[in-house]
Amino acid sequence: MASRRDIFTSFATKLGSAKEASPLLVRPPYGESESLFQSECPTCESKACVASCDEKIIFIAEDGTPALTFKQNGCTFCDACAEACEADVLSLLHEKTQSSLNAVFKISLEACVAHHGVICHSCKEPCIDDAILFNGLFNPVIDNEKCTACGFCFSRCPTQAISYEAFAL
């Protein structure tokens, strides 16, 4: 039985092949639709969502919309970006429908040192959702049902074995 995330992933893959020119971006939490990001954010002059983020993971993409990068940190779902958003593109009213980000994370079996017999828990330690499971000391896997796509595991992996793909909101 396919999970909801698998369905979204397959849908995003089909969308991605149709729209190769504009890759999907990981959006800040509490956003309800891509159309709101596209219609409201490019005209926002304050860009308060960027300044409000203590983790410094929100940036403004080329199209003028906010997106997330996980190079240094992850999302704590602190609500600051939603509280700062003057256009209500990010809104705490959307919190119940958006309890995770629009991304799916994966661990590369080839690049992950734990899959090659080295004890490494770098990805598991920052995961507050306990979404990274180990078979004994080795072989980490991401439980997609628990993963909120916060991104903290991404920057912590010493071999860059973790990747992610955005899917449509």
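FYI, it's all coordinate maths here, none of it is from the lab. Predicted model only: the values in this text are computed from it and were never measured. No Cβ is skipped: glycine too gets one built from the backbone with ideal geometry, and neighbour counts run over all protein chains shown.
Arrange the following residues from fewest to most other Cβ atoms within 10 Å of their Cβ: 47, 56.
56, 47
Cα-Cα over 26 Å: which of 47/124; 47/146; 56/146?
Details: 47/124 33 Å; 47/146 31 Å; 56/146 24 Å.
Table pairs above 26 Å Cα-Cα are 47/124; 47/146.
What do you get when you divide the Cα radius of gyration of the range 106-166 by 2.2 N^0.38 Å, with N the number of residues?
Computed over Cα atoms of the range 106-166, the ratio equals 0.99.
How much net charge surrounds residue 133 when only other residues with a Cβ under 15 Å from its Cβ are counted (Lys, Arg +1; Asp, Glu -1)?
-2
Starting with the fewest neighbours, write out 104, 89, 113 ranked by other beta-carbon atoms found within 10 Å of each beta-carbon. Write out the running numbers ahead of the final one.
Numbers: 104 20, 89 26, 113 15.
Least crowded to most crowded, the residues run 113, 104, 89.
How large is the dipole of the range 25-94 about the Cα centre if only Lys and Arg carry +1 and Asp and Glu carry -1, each at its Cβ, rounded to the nearest 20 debye?
280
Could you list log10 I(q)/I(0) for the range 54-169 at q = 0.12, 0.17, 0.23 Å⁻¹, which the Debye formula gives when each Cα is one point scatterer?
-0.46, -0.85, -1.37
Please arrange 81, 120 by how many other C-beta atoms lie within 10 Å of their C-beta, fewest to most.
Sorted ascending by nearby Cβ count, the order is 120, 81.
Pop out the ³J(HN,Hα) list for the range 152-168 in order, Karplus 6.51 cos²θ - 1.76 cosθ + 1.60 with θ = phi - 60°, rounded to Hz; leave Gly and Pro as x.
4, 5, 4, 6, 8, 6, x, 10, 6, 7, 9, 10, 8, 10, 7, 10, 5
Across every pair of different alpha-carbon atoms, what Kirkwood hydrodynamic radius in Å does the range 25-94 reach? Each step should come with its number before you reach the end.
Details: mean 1/r = 0.0849 Å⁻¹.
Evaluated over the range 25-94, this radius sits at 11.8 Å.
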